[in-house]
Amino acid sequence: MAATRASSDRNAGPRPALFLDRDGVINVDRGYVSRIEDFEWIDGAVETIAAFNARDWRVFLVTNQSGVAFGYYSEDDLSALHAWMTGELAARGAVIDRIYHCPYHAEGLLERYRRDSFDRKPRPGMLIQAMTDFPVIREQSFLIGDKDADVEAASAAGIKGFLFTGGNLARFAEWALADMDASR
């Protein structure tokens, strides 16, 4: 797993965290998005991140990126896209605390990345790493993903997961937060 620091730790104390998948949640999933020209924000994605920043939540991106293992793009390409994303977010008043990605796949074409990884969702490795790197209030935290594997990873990490099937992410995230509050 690789992690990209996108911001400094704003506060050292434990806080709730919003975990977001990337393709299909933050950006339109066009299959192996690795170039800026192929990236399109999902409606409400930037606003969601800014709204949770305003609540003083941590925001993490946890994304499987098997395109690296299959040789469609490099980790440098991925890092460049993520740097552009975090710059765009910062310009709009939104910050991701850290981006975690898993470049591995058991059937990958590149030997260096061909392996079964604990970080690849539906396994919880990336989420657990984020909760190790940052003090997180687990019982108040949740994940939004667009695949069952995302929700399974959240459950395996001990947090609630919500399946986003499209529409405006900001409205969906507010609904998910209300559901979390109602279940406490």
Exercise for review: Output the residue which, of all residues in region 105-147 that are small (Gly, Ala, Ser) and touching an Asp or Glu at 6+ places or on another chain (Cβ under 6 Å), is farthest from residue 172 (Cα to Cα).
Suggested key: 106
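Enumerate the strands (runs of 3 or more DSSP E) found wholly within region 46-156, keeping only those where 1 or more residues are out of contact with any strand residue (DSSP E or B) (no Cβ under 9 Å at 6 or more places or on another chain) and surrounded by fewer than 19 Cβ atoms within 10 Å (Cβ to Cβ).
Working: elements: 58-64, 98-102, 142-145.
In region 46-156, there are no strands (runs of 3 or more DSSP E) which contain 1 or more residues that are out of contact with any strand residue (DSSP E or B) (no Cβ under 9 Å at 6 or more places or on another chain) and surrounded by fewer than 19 Cβ atoms within 10 Å (Cβ to Cβ).
Condition first: among the basic types (Lys, Arg) and either in a loop (DSSP other than H, G, I, E, B) or without any contact (Cβ under 8 Å) to a residue 40 or more places away in the chain (or both). Now tell me which residues in region 157-178 satisfy that.
As a first pass, look at region 157-178 and keep what is among the basic types (Lys, Arg): 160, 171.
Selection gives 160 alone.
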Review point. Regarding residue 43, is this residue under 28 Å from residue 138 (Cβ atoms) and surrounded by 14 or more Cβ atoms within 10 Å (Cβ to Cβ)?
Key: no
Review point. How about region 1-45: which of its residues are in a loop (DSSP other than H, G, I, E, B), charged (D, E, K, R), modelled with pLDDT of 95 or more and closer than 27 Å to residue 132 by Cβ?
Key: 21, 22
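Output yes when any residue across region 66-74 is among the β-branched types (Val, Ile, Thr) and closer than 22 Å to residue 174 by Cα, and no when none is. Walk me through how you get there before you give the answer.
Residues of region 66-74 that are among the β-branched types (Val, Ile, Thr), as a first pass: 68.
Filter once more, keeping what is closer than 22 Å to residue 174 by Cα: none.
No - not one qualifying residue is present in region 66-74.
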Check your understanding: residue 181 passes all but one of (1) under 16 Å from residue 17 (Cβ atoms); (2) free of Cβ contacts under 8 Å to residues at least 40 places away in the same chain; (3) surrounded by 13 or more Cβ atoms within 10 Å (Cβ to Cβ); (4) not hydroxyl-bearing (Ser, Thr, Tyr); which number fails?
Key -> (3)
Practice item. Search region 82-105 for residues that are of a type in the set (A, V, I, L, M, F, W, C) and pair each with any residue that is surrounded by fewer than 21 Cβ atoms within 10 Å (Cβ to Cβ) and at pLDDT below 95 when their beta-carbon atoms are under 6 Å apart and the residues are at least 6 apart or on different chains. Key: 95/7; 96/6; 99/4; 99/6; 102/1
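Go through region 137-149 residue by residue and tally those that are within 13 Å of residue 18 (Cβ to Cβ), in contact with a Leu (Cβ under 8 Å, 6 or more places away or on another chain) and not aliphatic (A, V, I, L, M). Break it down into steps so the answer makes sense when it comes.
At the first step, the residues of region 137-149 found to be within 13 Å of residue 18 (Cβ to Cβ) are 137-138, 140-145.
Among the residues that remain, those that are also in contact with a Leu (Cβ under 8 Å, 6 or more places away or on another chain) are: 141-145.
Now restrict to residues that are not aliphatic (A, V, I, L, M): 141-142, 145.
Summing the residues that are within 13 Å of residue 18 (Cβ to Cβ), in contact with a Leu (Cβ under 8 Å, 6 or more places away or on another chain) and not aliphatic (A, V, I, L, M) in region 137-149 gives 3.
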Practice item. Find the residue count for region 34-59, including only residues that are over 11 Å from residue 85 (Cα atoms), of a type in the set (Asp, Glu) and free of Cβ contacts under 8 Å to residues at least 40 places away in the same chain. Key: 2
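The values are calculated or read from the model by the stated rules, or taken from the named source; none is laboratory data. Remember, predicted model here, so these are calculated numbers, not experimental data. Ideal geometry is used to build each Cβ from the backbone, glycine not excepted, and the neighbour counts take in all protein chains shown.
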